[in-house]
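Below: the structure, in structure tokens.
The values are calculated or read from the model by the stated rules, or taken from the named source; none is laboratory data. Note that the structure is predicted; figures quoted are calculated from it, not measured. Here the Cβ positions follow ideal geometry from the backbone for every residue, glycine too, while neighbour counts run over all protein chains shown. Ligands, DNA and RNA are excluded from the accessible area calculation, which covers all protein heavy atoms including side chains. Shrake-Rupley method; radii C 1.70, N 1.55, O 1.52, S 1.80 Å.
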Amino acid sequence: GIDIISIRSEALKTVNGKRGKKTHGISNPIMGKFRKGQKVLIIDDVVASLAHTKESAIDFLHGAGLKIIPLICVVVDREEGGKETLRKKGYDLFSILKFKKILKLYLEKSLINEDYHKKSLRYSRIAKKYALKK
């Protein structure tokens, strides 16, 4: 009984400062029924360092007259600064899985080796440091 809306990916992309438009099929950038002033919760698969797609979605949905619940839900937090980036904008982040725990599980199950584990953690730290400088 909960309505779901989805933003077409083209609507979140910008080229030369202009939002992309769909060139075939239905042109409405938001799929599903909604009304202005309605509250929405953003749910996505992953958040990375700069949380660009989340920020674009927030801006886009605000522009459509929707009120964003200040909690964004994702399946995976890559732990690269996206959570902190969103917090600066007034949004909390809830994630089901965290990158470091996924890597630890992969290491324990011998799906990756120790060297790959260390390199992945190092990359994550570097990406987070870069994101937090922005």
Qualifying residue in the range 73-93 (condition: closer than 30 Å to residue 33 by Cβ and loosely packed, with under 12 Cβ neighbours inside 10 Å): yes
Residue count for the range 96-119, restricted to those that are over 30 Å from residue 71 (Cβ atoms) and touching a Ser or Thr at 6+ places or on another chain (Cβ under 8 Å): 1
Pairs where the first residue, in the range 88-100, is closer than 20 Å to residue 52 by Cβ and touching a residue at least 40 places away in the same chain (Cβ under 8 Å) and the second is open to solvent by 50 Å² or more (accessible area, probe 1.4 Å) and not hydroxyl-bearing (Ser, Thr, Tyr), C-beta under 6 Å, 6+ apart: 93/83
Residues of the range 2-52 classified as on the phi > 0 side of the Ramachandran plot and at pLDDT 80 or above, total: 3
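Quick grid of which residues meet (1) of a type in the set (D, E, K, R); (2) open to solvent by 30 Å² or more (accessible area, probe 1.4 Å); (3) farther than 24 Å from residue 134 by Cα; (4) out of contact with any Pro (no Cβ under 6 Å at 6 or more places or on another chain):
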site	(1), (2), (3), (4)
34	no, yes, yes, yes
39	yes, yes, yes, yes
44	yes, yes, no, yes
48	no, yes, no, yes
59	yes, yes, no, yes
63	no, yes, yes, yes
69	no, yes, yes, yes
Among residues of the range 39-80, those that are more than 14 Å from residue 7 (Cα to Cα) and assigned to a helix (DSSP H, G or I), counted: 1
Qualifying residue in the range 87-110 (condition: more than 21 Å from residue 7 (Cβ to Cβ) and in a loop (DSSP other than H, G, I, E, B)): yes
